[in-house]
Amino acid sequence: MKKLFGKADIFIIISVLVLSLLLFIPGIFNNNNLIATVYSDGEIIEEINLNEVEVPRTFSPKDGTEITVEKDRIRFSAACCKDELCIGSGWLSKKGQTAACLPERIVITIKGTDKTDMMTY
Amino acid sequence: MKNNKYTKRVALLGIMGALALALSFLESLIPALPGLPPGAKPGLSNIVTMFMASSYSVADAFFITILKALFAGITRGSTAMLMSASGGLLSTAVACILLRSKKFNSGYIGIGIICAVCHNIGQLVSACLISGTWSLVFGYGPLLLLFAIVTGCVTGTVLKLVLPALNRIINRL
């Protein structure tokens, strides 16, 4: 019978922590020039510079799905399925944040525009 | 009593299958926690597949996993079924290898964490394939991994605690 906790487990916890930090790093530098990219079926259908949005607006990439854009933030506002996980993601306002609607294959993700980011992504 | 062995297997699969489905339904009642990616769940039903993998048979652990995916498909739609299947199959495969290996000497907490991480990796990869957008890894990955450490500790500890009792049931069958 195996034990509950040992040295190997500490090693496992630390390596998962490090992995999570490594994935987190691309998102933490600079929050200026927030570019929201909307993908549908893996192709970019909208690129919005969130810092330049003056008038809030809503658009619908596919039937039943609605995306609302305001200054510095963007969110799913209506969903086609009853899970509504994409709406549950709430407002996206920082680089690296992502919301996905899997049934309709729509993804919103926020990126910056500086060069190091293009490299890491 | 030639059929005895099969009857026992059917009965055990029925009990464990029902337990896994009840646990995954129970999880779906927990509201989305603030700060966590929506859809992140504690993975309590993984305890059942991990138990089947460690004490019963590998084939039946996969049977429970597929049953869970079908249940998700019937109650929550085809996307949920795909997510459940991709995460579940990967984590069950890894659980079978780790729990049955004698050389791998980490405890139940470590195995629980690795299974939770594998579940997340399987789901993330299939989510990226469905949406065609690989940036999901950076958006959801870090928080899911941190959450996997917590849920892995919980499932590993519960598994260790209930194993003696469940093994007694199996031996009595």
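Of note:
- Any hit, the stretch A:47-57, residues being farther than 30 Å from B:Ser78 by Cα, of a type in the set (Asp, Glu) and without any contact (Cβ under 8 Å) to a residue 24 or more places away in the chain: yes
- Scanning the stretch A:93-114 for residues that are more than 9 Å from chain B (Cβ to nearest Cβ) and more than 16 Å from A:Ser40 (Cβ to Cβ) yields A:Ser93, A:Lys94, A:Lys95, A:Gly112, A:Thr113, A:Asp114.
- Filter pass, B:Thr79 being within 12 Å of chain A (Cβ to nearest Cβ) and among the hydroxyl-bearing types (Ser, Thr, Tyr): yes
- Test: A:Leu4 is within 10 Å of chain B (Cβ to nearest Cβ), in contact with a Leu (Cβ under 8 Å, 6 or more places away or on another chain) and either in a helix (DSSP H, G or I) or not basic (Lys, Arg) (or both): no
- Counting residues in the stretch B:4-11 that are more than 18 Å from B:Val125 (Cα to Cα) and among the aliphatic types (A, V, I, L, M) gives one or more.
- Residues that are assigned to a strand (DSSP E or B), in contact (Cβ under 8 Å) with a residue 60 or more places away in the chain and more than 9 Å from chain B (Cβ to nearest Cβ) are absent from the stretch A:9-29 altogether.
- Only one entry in A:Val53, A:Val16 is of a type in the set (A, V, I, L, M, F, W, C) and modelled with pLDDT under 85, namely A:Val53.
- Answer residue from the stretch A:32-42, given it is outside any strand (DSSP E or B) and of a type outside the set (D, E, K, R) and is surrounded by the most Cβ atoms within 10 Å (Cβ to Cβ) among those: A:Leu34
- Residue count for the stretch B:137-150, restricted to those that are surrounded by 24 or more Cβ atoms within 10 Å (Cβ to Cβ) and in contact with a Gly (Cβ under 7 Å, 6 or more places away or on another chain): 1.
- If only residues of the stretch B:92-149 that are of a type in the set (Val, Ile, Thr) and more than 7 Å from every other protein chain (Cβ to nearest Cβ) are counted, the one that is nearest to the chain's Cα centre (by Cα) is B:Thr92.
- Residues within the stretch A:43-62 that are under 19 Å from A:Gln97 (Cβ atoms), of a type outside the set (A, V, I, L, M, F, W, C) and part of a loop (DSSP other than H, G, I, E, B), tallied: 1
- In this entry, B:Ile47 passes the filter for residues that are hydrophobic (A, V, I, L, M, F, W, C) and closer than 21 Å to B:Leu166 by Cα.
- Residue within the stretch A:58-70 that is of a type in the set (A, V, I, L, M) and facing chain B (nearest Cβ under 10 Å) present: no
- B:Leu44 part of a loop (DSSP other than H, G, I, E, B) and modelled with pLDDT of 85 or more: yes
The values are calculated or read from the model by the stated rules, or taken from the named source; none is laboratory data. Just so it is clear, the model here is predicted, and its values are computed rather than measured. Counting neighbours? That spans all protein chains shown, and the Cβs are built from the backbone with ideal geometry, glycine included.
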